[in-house]
2 protein chains.
Amino acid sequence: MHEHGTGTADVEALRRDRRRGARELARQALEDLIEAVRRCDAGEPDELLSETLRFAGQLRAARPAMPSIENLIGRWQDAVSGAPTEPVAETRMRLIDAARRVIESVDSAVEALAREAARLIEPGSTVITLSWSSTVAAVFRRLEERDVRAIVAESRPLFEGRALAEELAGLGIPTELITDAQIGLFAKRSTLALVGADAILSDGSVVNKAGTSLLAMAAREADVPFWVCAETHKRSRLEADAFPLEEIETSVLEAPRHERLTPRNIGFDVTPATLVTRWIDERGSTFGRPRGA
Amino acid sequence: MHEHGTGTADVEALRRDRRRGARELARQALEDLIEAVRRCDAGEPDELLSETLRFAGQLRAARPAMPSIENLIGRWQDAVSGAPTEPVAETRMRLIDAARRVIESVDSAVEALAREAARLIEPGSTVITLSWSSTVAAVFRRLEERDVRAIVAESRPLFEGRALAEELAGLGIPTELITDAQIGLFAKRSTLALVGADAILSDGSVVNKAGTSLLAMAAREADVPFWVCAETHKRSRLEADAFPLEEIETSVLEAPRHERLTPRNIGFDVTPATLVTRWIDERGSTFGRPRGA
């Protein structure tokens, strides 16, 4: 970390990664942190801790729209706070072990969540979702009986839905891939809408890939339940009005060039809590409001 | 028409045209009919009439999901029915004149509709729409004060929204082009949702480009009025359950290849009448239900 390069490049990569979801980014941030602790050439334990904490602060700030990063790096910071009393080699091990434990808690949370969601999905269901969600993929992998069908909206402009559709088809699940514009049509042919989330806000609203709010409205209109799978580390203290929605590069829209024409590419939208039927996290599931909110 | 080629090619072109909307297709069908009357080498007036009526029947049947074609060709059939009493040259002129009058009625209907809609749009409005609609374009062209803003969803996979956005920007209207997935986000930033239609069904539901039902739901959720502009020739006697929704080629989705993965590309969806705030046709506007339905 004295060689400024590595850490800065990691923070920049985290800032630019538009494909991975909240948990995968947070996990990456923790791996970056471990790597930074390893590389730091500080000679004193205090120096090692303060250098590492400074880098952790940069990682926390890289994606304000991904509370998992802030929350999980924050858990690590809490675990390692207090002046080191052991030599630098032991301090280094302690910092790395603490990060590993946070990563393990992330993995066991999604595992518990996926098992709970899989248990709740009835055989014969037709499940509609959108984009790539490693949580949703995990749920499908845990289904004991794969007697379900899937419908996946592609999620233009990055088409992450193609990867999820391929994953589900590979699990043996008959899967239809649709354009985002067909969500209204296909919600009516589904029995369950299931999504992950990048953030759950203090008012219970759900930040996820743009189009999620449309799926929630279409599910409501079609009288199809809408379930949100999100571990507790995705909770944000912000309300919907204050939450920053990331806008990404607009060149992918291939808009005609005109001085009065502005392409827009906001990657996420906010689904109000009132449209959510069931909330699933690592502790179980609730109706009406996310647990503890 | 004795040379089978031309007429058949016209019917085939009409069947394959996935870019143009209902009125433009119906107008094309009437132009095809005029051309067919011109080319028909029948020696007797009866023969000319029966040949032309047979071709009209083929045109009517080309696009069951576009009632304008059936209705407007039907108007022409009504106008020319009855055995000819004049020589073949006069019969030919009469058949062509009748088609020209139907075309004029189509043009004057959209003109009257556009004037009415333009009159109703308040200065300062931000109007959200999707895809290409020649009706919506006509409404914007008739605005006396162009003190409005526009938001256009691109309408993947054919991206007809780009053409509308470019047209509106060219009228001097500040226009944002968005992905279909952002409709939920941008409905909240609008003051009016405005769409055309390919068909109005007997239960008042609206057939239009896929994604229209999502825009209607998002408008409802955001408390933004949702207006439908559709001339009376777009009325169908069918109900939503019986109406054929055209599915188009799926290769544009570039789906990963897997035996369990099926790409879907239904081009239109059905918006229930309950989501429509205002109906505008060439006779004026109504609330609640389309006039006469």
**Prompt:** So, of the residues in the range B:198-225 that are assigned to a helix (DSSP H, G or I) and more than 25 Å from B:P157 (Cβ to Cβ), which turns out to be most open to solvent (accessible area, probe 1.4 Å)?
**Reply:** B:R220
**the range B:45-67 - residue that is surrounded by fewer than 18 Cβ atoms within 10 Å (Cβ to Cβ) and of a type in the set (A, V, I, L, M) and, of those, farthest from B:A13 (Cα to Cα)** = B:L53
**Message:** Checking the conditions here, which among B:D281, B:D241 is surrounded by fewer than 16 Cβ atoms within 10 Å (Cβ to Cβ) and either at pLDDT below 95 or over 24 Å from A:A165 (Cα atoms) (or both)?
**Reply:** B:D241
**Residues of the range A:163-174 satisfying the condition of being part of a loop (DSSP other than H, G, I, E, B), within 7 Å of chain B (Cβ to nearest Cβ) and not β-branched (V, I, T)** = A:G172, A:P174
**Message:** So, in the range A:151-162, exactly how many residues are more than 8 Å from every other protein chain (Cβ to nearest Cβ) and either among the acidic types (D, E) or part of a loop (DSSP other than H, G, I, E, B) (or both)?
**Reply:** 2
**Request:** Could you tell me whether any residue of the range A:141-149 is out of contact with any Gly (no Cβ under 9 Å at 6 or more places or on another chain), away from chain B (no Cβ under 12 Å), crowded, with 24+ Cβ neighbours inside 10 Å and not in a strand (DSSP E or B)?
**Result:** no
**Request:** Identify the single condition in (1) under 24 Å from A:R15 (Cβ atoms); (2) away from chain B (no Cβ under 13 Å); (3) of a type outside the set (D, E) that A:F268 does not satisfy, given that it satisfies every other one.
**Result:** (2)
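Residue by residue through the range A:68-89, note down the ones that are in a loop (DSSP other than H, G, I, E, B) and surrounded by fewer than 18 Cβ atoms within 10 Å (Cβ to Cβ). Break it down into steps so the answer makes sense when it comes.
Filtering the range A:68-89 for residues in a loop (DSSP other than H, G, I, E, B) gives A:81-87.
The answer is A:S81, A:G82, A:A83, A:T85, A:E86, A:P87.
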**Prompt:** What are the residue pairs meeting all of these: first residue in the range A:175-188, first residue more than 7 Å from chain B (Cβ to nearest Cβ), second residue outside any strand (DSSP E or B) and crowded, with 24+ Cβ neighbours inside 10 Å, Cβ atoms under 8 Å, and 6 or more apart or on different chains?
**Reply:** A:A187/A:L215; A:A187/A:A218; A:A187/A:A219; A:K188/A:A218
**Request:** May I ask you to say which residue of B:A114, B:A138, B:A109 is more than 14 Å from every other protein chain (Cβ to nearest Cβ), surrounded by 22 or more Cβ atoms within 10 Å (Cβ to Cβ) and within 23 Å of B:L72 (Cβ to Cβ)?
**Result:** B:A114
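Looking at B:R20, B:R94, can you tell me which residue is open to solvent by 10 Å² or more (accessible area, probe 1.4 Å), basic (K, R) and either part of a loop (DSSP other than H, G, I, E, B) or under 28 Å from B:P157 (Cβ atoms) (or both)?
After applying the criteria, what remains is B:R20.
Each row is one residue, and each column tells you yes or no for (1) open to solvent by less than 10 Å² (accessible area, probe 1.4 Å); (2) in contact with a strand residue (DSSP E or B) (Cβ under 8 Å, 6 or more places away or on another chain).
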site: B:G170; (1), (2): no, no
site: B:T175; (1), (2): yes, yes
site: B:I178; (1), (2): yes, yes
site: B:L192; (1), (2): yes, yes
site: B:G196; (1), (2): yes, yes
site: B:W227; (1), (2): no, yes
site: B:E231; (1), (2): yes, yes
site: B:S236; (1), (2): no, yes
site: B:L253; (1), (2): yes, yes
**Asked** All but one of (1) of a type outside the set (D, E); (2) more than 25 Å from A:S68 (Cβ to Cβ); (3) more than 7 Å from chain B (Cβ to nearest Cβ) hold for A:V207; which doesn't?
**Response** (2)
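The values are calculated or read from the model by the stated rules, or taken from the named source; none is laboratory data. Keep in mind that this is a model prediction, so the values were computed, not measured. Backbone-built Cβ (ideal geometry, glycine too); neighbour counts: all protein chains shown. SASA here: full protein model, heavy atoms, side chains in, ligands and nucleic acids out. Shrake-Rupley method; radii C 1.70, N 1.55, O 1.52, S 1.80 Å.
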